[in-house]
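Quick note: the coordinates plus some simple rules give every number you see, no bench work behind them. Owing to the predicted nature of the structure, the values given are computational and were not obtained by experimental measurement. A quick note on method: Cβ atoms are made from the backbone with ideal geometry, for glycine too, and the neighbour counts reach across all protein chains shown.
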Amino acid sequence: MKKIVFLTLAALVAASLGCFYGKEASETATVDYAAALYDRVEIETENGEITSSVSSDSLITITLTKWVTGPSAKAHLDDIEVHVTKDTTGRVLRIFIEIPNVSTRSYGCDADIELPESLYVDLVTSNGKMKAAGHQNGLRLVTSNGMIEIAKTAGDAELETSNGAIAVDRHSGDITGETANGEIDAEVIMVKSVVNATDTTYGYCRFKSSNGRITLAVPDTVGAQIRIETSNGDISVDPDLPTQGDYNSDDDIYESKMGDESGEIDLETSNGDVSLKKLE
């Protein structure tokens, strides 16, 4: 295990990279890793935002910005420790940012990642929003008190937050998303995949919220069993989708099916409307 070393820059350069006032300071460092050595990148931080995008380069480029607020902030930047584990046997690159728990000041670390689209990303933070775009081999994003946004992604996706919205812009593949006190807006292209020599399936699309509306758009060619449930909200299904089912207004549950019924669409919330739409 090794640590990323953050360099103290000259005052002129530091002014362009961060703030170094008595009660507020930040410091940025960028490190590259050979992407050919890894299949998976895991990053965990706290009190920070994470942004992840793809690059045609053969490198994994990770930029970390540590920040501190409170008395003598600059002197405490080194209190934030960055641990790097390069597991080339298991083909996992893991970065863990250790944040002190001190009542007299606030610590955090933001992360910005660029890497080839074929690598799986597993990203965890708290009190920060997350954004990922372009990943084609699956992703897992977990935060609290922050919004999650993904765009033009593929593979298995797992999204989890609290007190934050979830936005999905055309994900292809299986997906689960869960939030509390947040809205969910998603466009999902459910892709048919081979289960065995004789069976195929459209996979699953599952979203759950509380105190937030859910809107999901899927292609009208999808085959799936559909279950929609809400309390204190309305359920609407686009008439352009070839669904066959019934809405039980007493139980606030809508059950239906489309196409070959091989996939699963499951939407559930409370105190919010749920809409299933045709993806244009």
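Scanning residues 5 or more positions from A157 or on other chains, those with amide H under 5 Å from its amide H are L139, D174, I175, T176, with H placed 1.01 Å from N in the peptide plane.
Over segment 25-142, what portion of Cα pair distances is larger than 16 Å, expressed as a whole percent? For segment 25-142, the share of Cα pairs beyond 16 Å comes to 58 percent.
For the chain, the share of DSSP beta bridges that are antiparallel, to the nearest 5, is 40%.
Think of it as helices only: each DSSP H run of n ≥ 4 in the chain is worth -39500 (n - 2.57), and spread over all residues that comes to -500 deg cm²/dmol at 222 nm. Across the options I148, I175, I60, the greatest Cα extent toward the positive end of the charge dipole of the chain (unit charges at beta carbon of Lys, Arg, Asp, Glu) belongs to I60. Taking the Cβ-Cβ separation of Q244 and N196 as r and a Förster radius of 25 Å, what is the calculated FRET efficiency to the nearest 0.05? Efficiency for this residue pair is about 0.40. Lys-Lys pairs in the chain that are eight or more residues apart or on separate chains and whose Cα atoms lie under 15 Å of each other come to 9. For segment 72-83, the Karplus equation 6.51 cos²θ - 1.76 cosθ + 1.60, evaluated at θ = phi - 60°, returns couplings of 6, 4, 4, 5, 10, 4, 6, 5, 7, 10, 10, 9 Hz by residue, with Gly and Pro reported as x.
Suppose the Debye formula is applied to equal point scatterers at every Cα of segment 131-181; what is log10 I(q)/I(0) at q = 0.18, 0.26 Å⁻¹? Cα-only, vacuum Debye calculation for segment 131-181: -0.46, -0.91.
Largest mean-square fluctuation among I150, I184, I99, in a Gaussian network model of the chain whose springs join Cα atoms under 10 Å apart, belongs to I99. A P(r) calculated from all alpha carbon pairs of segment 90-199, with 10 Å bins opening at zero, reads 13, 40, 31, 12, 3, 1, 0 percent.
Using the alpha carbons alone, the radius of gyration of segment 26-89 stands to its Kirkwood radius in an Rg to Rh ratio of 1.02.
For E24, the amide hydrogen comes within under 5 Å of the amide hydrogens of G70, A73, K74, counting only partners 5 or more places away or on other chains and with H modelled in the peptide plane.
Under the rule a/c < 1.5 gives rounded, and otherwise a/b versus b/c splits prolate from oblate, where does segment 124-280 land using the Cα gyration tensor?
Oblate.
Backbone geometry of segment 26-33 corresponds, through the Karplus equation with coefficients 6.51, -1.76 and 1.60 at θ = phi - 60°, to 3J(HN,Hα) couplings of 8, 8, 10, 9, 10, 10, 10, 10 Hz, x marking Gly and Pro.
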